[in-house]
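Here the structure comes first, spelled out in C-alpha cells, and everything after it is commentary.
Laboratory data are not the source of any read-out in this text; all were calculated from the coordinates shown. In this text, all values refer to a predicted model and were calculated from it rather than measured experimentally. A quick note on method: Cβ atoms are made from the backbone with ideal geometry, for glycine too, and the neighbour counts reach across all protein chains shown.
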C-alpha cells in the first residue's frame, strides 16, 4: 500500500506557511522517510521559491473563504489575520496515498514514532489527549468542544487508510461543513467560526453513536503542544527550547525544553523566524 | 531591589522551571515506555513487566493492549526481552537527564540553554 504525509499551506499577509511547509517536509523526510504531498493555493509562490523537489506532489486548490483569527506571538503581541483551514476535511479525496498521515506544518517532528501507524490494524487514528509543555495552564477548550461533554480531538495530526468506513467519516464532515451554521448551533459550540478540531470532534462523536466511545483510536506516542503565547527560543535538530508564559504573570516567561519529542508549536509567527 | 528579595525571586524562578522541566522529563520517560507489537500498543510499566514475567513458560500469548483489544504475541520470549530492555533504556535515559538537570542551578542551564 502506498504511504505518505499530507500537509496544507496557504499563505496570509504575515505568515509564510509555504516556507514553513518546506521546513516541515524536510523533517518528515529525515525522521519518517516518507513522501510529502503539499496542498496549497499558492503554487506560484512554491515555484518562485524553487522548492518543488522537496515535495512528492503539489496539489493546487482554490483559495477558500478565509476565517479571521488572532495570531499571538507571545502573550503581549497579537495580530488579526486571515487563515485558510477548510481543505482538511477533503484529505481523503486529496491524498494520493492509500495510507496517509495528515499533519499540520507546525507539528515539528523529532522522532519516527508515527511510522507505527502503518503497523497496526485501525483505519483512523487521532489524538484526543495532549500534554501542554507548561503544567500550570488549564485548557478546558482542549478537553471538550462544548458544555455537553462532546470530547475534543486534535485535527492537527491524524492517520487514515482509504476504506469505505473512513470515507463515510469524511463524507459526514462535508455534510457538517455544508450546514455549519446549523451544526455549530446543534453542538452548542458558542461560535459559528469554523474550526477543524471541532468538525472532526463532532464527526467522531457521531461515528461513535453519540456516545463516548472509541471508533477513533489514538495516534502512536503522545501529543505535546505549546500555545501561541509561548515563544520559540531555539529550534534545532534534536530539541526545542521555549519561553513559556508564567502562571499569573502575563508577559513574563520561564524556560522549557523538549528533546527528541514531537511537538505542536502553535506560535506560527515565532516559528517563521526559525525555519 | 533588596538583594535578599532578588535572591528569593531568582530561586522562585529556578523552582518553577525545575518543576516543569522535571515533569517534561517524566512524560518523556512514559513516552519511551510505549511499545508497539503485533498491531497493538502496550505501555510498559513495572506491573506489566511483572505480568510478562509470569508468562515466561509460554511460547505464545494473547495480551490485552492499551486500546483494550486482544493482541496475539507469537514469540513471547522475544516480546518480553524487548519490553524489558526498552523499559531499562527509558529508565536509564530518564536517570541521565535527571542527573544533568539537578547538576544545574540556573533556569537556563536546566533546559540546556547556555
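From zero up to wherever the largest Cα-Cα distance of the protein assembly as shown sits, split into 20 Å bins and tell me the percent of pairs in each.
25, 57, 18, 0
Determine the gain in length on full extension of the stretch residue A:70-residue A:171; use 0.36 nm per residue of separation and subtract their C-alpha separation, reporting nm with one decimal.
Gain in length upon complete extension: 33.4 nm.
How far is the Cα center of the stretch A:199-275 from the Cα center of the stretch A:93-149, in Å?
After rounding, the separation between the Cα centres reads 10 Å.
For the stretch A:99-161, rounded, prolate or oblate, judged on the Cα gyration tensor with a ≥ b ≥ c (square roots of eigenvalues), a/c < 1.5 rounded, else prolate if a/b > b/c?
Oblate, because a/c is 1.5 or more while a/b does not exceed b/c.
Just to check, using Stokes-Einstein with a Kirkwood Rh over alpha carbon pairs, what's the diffusion coefficient of chain B at 37 °C and 0.692 mPa s in µm²/s?
Rounded to a whole number, D works out at 197 µm²/s.
In whole Å, largest first, what are the principal axis extents of the Cα atoms in the stretch B:34-101?
Principal extents (largest minus smallest coordinate, Cα): 41, 25, 17 Å.
Calculate, in nm to one decimal, what residue B:57 and residue B:69 gain on full extension: separation in residues at 0.36 nm each, minus their alpha carbon distance.
2.0 nm
With a ≥ b ≥ c taken as the square roots of the eigenvalues of the C-alpha gyration tensor of the stretch A:3-222, please select rounded if a/c is under 1.5 and otherwise prolate if a/b is larger than b/c or oblate if it is not?
Rounded.
From Cα pairs below 8 angstrom and at least 6 apart in sequence, can you work out the relative contact order of chain B, rounded to a whole percent?
Dividing the mean separation by the residue count of chain B yields 29 percent.
Just subtract the alpha-carbon distance of residue A:129 and residue A:212 from 0.36 nm times their residue separation and send over the number in nm, one decimal.
So the chain would gain 28.5 nm between residue A:129 and residue A:212.
Counting alpha carbon pairs within less than 8 Å and at least 6 residues apart, what relative contact order, in whole percent, applies to the stretch B:34-101?
30 percent
Remind me, relative contact order of chain A in percent, using alpha carbon pairs under 8 angstrom and six or more residues apart?
22 percent
For chain A, modelled as a GNM with alpha-carbon contacts under 10 angstrom, which of A:68, A:167, A:120 fluctuates the most?
Per the Cα network of chain A with a 10 Å cutoff, A:120 tops the list.
What whole-number volume per residue, in cubic angstrom, does the convex hull of the C-alpha atoms of the stretch B:4-65 give?
Output value, Cα hull per residue: 91 Å³.
Shape of the stretch A:147-275 from its Cα gyration tensor (a ≥ b ≥ c, root eigenvalues): rounded if a/c is under 1.5, otherwise prolate when a/b > b/c, or oblate?
prolate
Helix B:3-32 versus the longest principal axis of chain B: what angle, 0 to 90°, nearest 10, using Cα atoms?
So the helix axis and the longest Cα principal axis differ by about 10 degrees.
Determine Rg/Rh for the stretch A:136-203; Rg is computed over alpha-carbon atoms and Rh is the Kirkwood hydrodynamic estimate from the same atoms.
1.00
Over the whole of A:237-244, what's the average partner chain Cβ count within 10 Å per residue? Rounded to a whole number, please.
Other-chain Cβ atoms within 10 Å of each residue's Cβ, averaged: 2.
Averaged over peptide B:18-24, how many Cβ atoms belonging to another chain are found within 10 Å of each residue's Cβ?
Across B:18-24, the average partner-chain Cβ count within 10 Å equals 5.
Give me B:80, A:7 sorted ascending by neighbouring Cβ count inside 10 Å, so fewest comes first.
By the 10 Å Cβ count, ascending, the order reads B:80, A:7.
Would you mind ranking B:14, A:224 by Cβ crowding within 10 Å, fewest neighbours first?
B:14, A:224
Within the protein assembly as shown, what percent of beta bridges assigned by DSSP are antiparallel, to the nearest 5?
Roughly 65 percent of the DSSP beta bridges within the protein assembly as shown come out antiparallel.
If I fit a long axis through the Cα atoms of helix B:76-102 and take the longest principal axis of the Cα atoms of chain B, what angle between them do I get, 0 to 90°, rounded to 10?
The angle comes out at about 0 degrees.
Give the order of A:17, A:92 when sorted by the count of other beta carbons within 10 angstrom, beginning with the fewest.
A:92, A:17
Calculate the FRET efficiency for residue A:78 and residue B:49 from the Cβ-Cβ distance with a Förster distance of 51 Å, rounded to the nearest 0.05.
Once the sixth-power term is evaluated, E becomes 0.60.
With the crude spin-label approximation of a point 7 Å out along Cα→Cβ, what separation in nm comes out for residue A:260 versus residue A:111?
0.7 nm
Would you mind telling me the antiparallel percentage of the DSSP bridges in the stretch A:3-222, rounded to 5?
Taking every DSSP beta bridge within the stretch A:3-222, about 55 percent pair in antiparallel fashion.
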